[in-house]
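Computed from the coordinates by the stated procedures, all read-outs in this text should not be read as laboratory data. Quick caveat, the model's predicted, so the values are computed rather than measured. Counting neighbours? That spans all protein chains shown, and the Cβs are built from the backbone with ideal geometry, glycine included.
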Amino acid sequence: MATRNDVARLAGVSTATVSRVVNGSSKVTDETRERVLDVIKQLNYVPNVIARSLRTKFSYTIAFVVNDVTNPFFSELYRGICDEANDYGYAALIYQYDDDPKNMTRLLERNVDGIITFLRFSEDIVSLTAQSNTPVFYIGKEREDTGEAGALRFDFAEAGYDMMRYLYEKGHRNIGLIARGTRKYQDIHAGYVKACKELDIPYNENNIAWFDSNKFIVESGSSAMSELLSRNLGISAVVCNSDWVAVGALSAAYNAGLKVPDDISIVGFDDLLISAYTTPPLTTIKTEGYEEGRLGCKMLISHIQGNSMPVQDLKGTIVERGSVKTLNTK
């Protein structure tokens, strides 16, 4: 079995440098890091993580906390987190929880070095992580005060407004929204309301279908779309707060005998892989899940190594496909 000395000898560096690379230290040049990692791969060198943890008081483990491991957007984030963690000698685990303090306590007892999440933690959970001195990095957090936690912030309200303006320019005036009930006056809904005011689109609460699930699942989109259609409001387009919800909306429209986009237009959010292969392909707002995962993990590890935890803003872009019809407004 290869040793640290073997890696150092073949890579032409000191054993201390090998340790810095394995521990993810920033005090190593990119060229040296790549050379050492290549030798580690060549020799199949496996560091003794348990011994290293006892020596350094770090577990070299990061937890990605989600509320639904089946959500494909989380899969993209997790893939990026894993790839970046591996580059720094860390392991990344995915942990599903339901906002229960006891559930979070079980995770913190495993001495993870940091947490990455797309969720909004309750005050109880924030207090627990603070007491354990476990840093939390938020991906997709709204533009608000994040305290000492780092974040890749996303302006969901702006994205919602941009999608509404896009539909407006396509001739749509009677537009519906499917969104989670706990996010009223926040997220995409805030952008929806702003667009209605600025573009002189009649705001009608009946044009909104709220769902209570804490998971962006297909069933939520299907039932919410069915509810909207049952109101017979003559809606020409529907904004969904995730592509997964939009997939459910597409199914409900089909079951109601409607053609998309001929009879009704549907748009989503995230640009998941499946969105290019639905029938019709889904117009959506693109976010870079994989790259966001890598960047978030890199920023968290940098903080674990003693650097400040920054906040960075993200923007989405509209990907135009075939689920929106242009209406004649003349």
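Give a residue-ordered list of calculated ³J(HN,Hα) values for the stretch 255-269 (Karplus: 6.51 cos²θ - 1.76 cosθ + 1.60, θ = phi - 60°; whole Hz; x for Gly, Pro).
After applying 6.51 cos²θ - 1.76 cosθ + 1.60, I find 5, 8, x, 9, 9, 9, x, 4, 9, 7, 9, 9, 10, x, 7 Hz.
Once you list every other residue whose beta carbon is under 12 Å from the beta carbon of Gly293, what net charge do they have if Lys and Arg are +1 and Asp and Glu are -1?
-3
So which of Lys197/Lys315; Lys102/Lys141; Lys194/Lys298; Lys197/Lys325 end up more than 32 Å apart, counting from Cα to Cα?
Lys194/Lys298
Relative to the compact globular guide of 2.2 N^0.38 Å, what is the alpha carbon radius of gyration of the chain, as a ratio? All intermediate terms of the calculation are to be shown ahead of the outcome.
On the way: Rg = 23.2 Å, N = 330, 2.2 N^0.38 = 19.9 Å.
My calculation over the Cα atoms of the chain gives 1.16.
Work out how much length Glu227 to Asn5 would gain on full extension: take 0.36 nm times their residue separation and subtract the Cα-Cα distance, in nm to one decimal. Mind dumping the intermediate values first?
Working: separation 222, 0.36 × 222 = 79.92 nm, distance 6.61 nm.
Length gained, Glu227 through Asn5: 73.3 nm.
For an R0 of 22 angstrom, estimate the FRET efficiency from the Cβ-Cβ distance between Glu198 and Thr317 and round to the nearest 0.05.
Here the calculated transfer efficiency is 0.60.
Work out from phi, with θ = phi - 60° and the Karplus expression 6.51 cos²θ - 1.76 cosθ + 1.60, the ³J(HN,Hα) of each residue of the stretch 236-253, listed in order in whole Hz, and give x for Gly and Pro.
Ordered by residue, 3J(HN,Hα) equals 9, 8, 9, 9, 10, 7, 6, 5, 5, 5, 5, 4, x, 5, 4, 5, 5, 5 Hz.
Using the alpha-carbon atoms, what tilt in degrees (0 to 90, nearest 10) does helix 156-169 show relative to the longest principal axis of the chain?
So the inclination is approximately 40 degrees.
Of all DSSP beta bridges located in the chain, what percent are antiparallel, nearest 5?
10
Net charge within 15 Å of Ile266 by Cβ-Cβ distance, Lys/Arg positive one each and Asp/Glu negative one each, not counting Ile266 itself?
Taking every other residue near Ile266 into account, the sum is -3.
When ranked by the protection proxy of mean other Cβ atoms within 10 Å per residue, highest first, what sequence do the peptides 245-256, 165-176 form?
Packing proxy ranking, top to bottom: 245-256, 165-176.
Cut-off is 10 Å between beta-carbons; in what order do His303, His189 appear when sorted fewest neighbours first?
His303, His189
How about Lys286: which aspartates and glutamates have a C-alpha closer than 18 Å to its C-alpha, ignoring those fewer than 8 places off in the same chain?
Within reach: Glu76, Glu142, Asp155, Glu158, Asp162, Asp187, Asp243, Asp270, Asp271, Asp313, Glu320.
List Ile178, Ile235 from most exposed to least, where exposure is judged by having the fewest other Cβ atoms within 10 Å.
Ile235, Ile178
Give the residue from Leu314, Cys82, Asn207 lying farthest towards the positive end of the charge dipole for the chain; charges sit on Cβ (+1 for Lys and Arg, -1 for Asp and Glu) and the dipole is referred to the Cα centre.
Cys82
With r as the distance between the Cβ atoms of Arg110 and Ala130 and R0 = 25 Å, compute the FRET efficiency 1/(1 + (r/R0)^6) and round to 0.05.
The calculated FRET efficiency here is 0.90.
What FRET efficiency would be calculated for the residue pair Asn255, Asp30, taking the C-beta separation as r and a Förster radius of 41 Å, to the nearest 0.05? Let's see the in-between values first.
Numbers: r = 54 Å, r/R0 = 1.31.
It comes out at approximately 0.15.
With n ≥ 4 as the cut-off for DSSP H runs, can you work out [θ] at 222 nm for the chain, using -39500 (n - 2.57) per run divided by the number of residues, rounded to the nearest 500?
Result for the chain, helices only: -13000 deg cm²/dmol.
Two decimals, Cα atoms only, Kirkwood Rh: what is Rg/Rh over the stretch 226-278?
0.95
Could you please report the charge total around Glu169, scoring K, R as +1 and D, E as -1 over all other residues with beta-carbon less than 12 angstrom from its beta-carbon?
Residues close to Glu169 contribute a combined charge of +1.
Averaging sequence separations of C-alpha pairs under 8 Å and six or more residues apart, then dividing by the length of the chain, give the relative contact order as a whole percent. Walk me through the intermediate numbers first.
Details: 616 pairs, mean separation 56.9, N = 330.
The normalised contact order for the chain reaches 17 percent.
Would you work out the charge dipole size for the chain about its Cα centre, treating the Cβ of every Lys and Arg as +1 and the Cβ of every Asp and Glu as -1, and quote it to the nearest 20 debye? Intermediate results must be reported in sequence, preceding the final value.
Details: 36 positive and 42 negative charges, 120 e Å.
So the dipole magnitude of the chain works out to roughly 580 debye.
Two decimals is fine: what is log10 I(q)/I(0) at q = 0.20, 0.21 Å⁻¹ for the stretch 198-330, from a Debye sum with one equal scatterer on every Cα and no solvent?
The computed values of log10 I(q)/I(0) come out as -1.16, -1.24.
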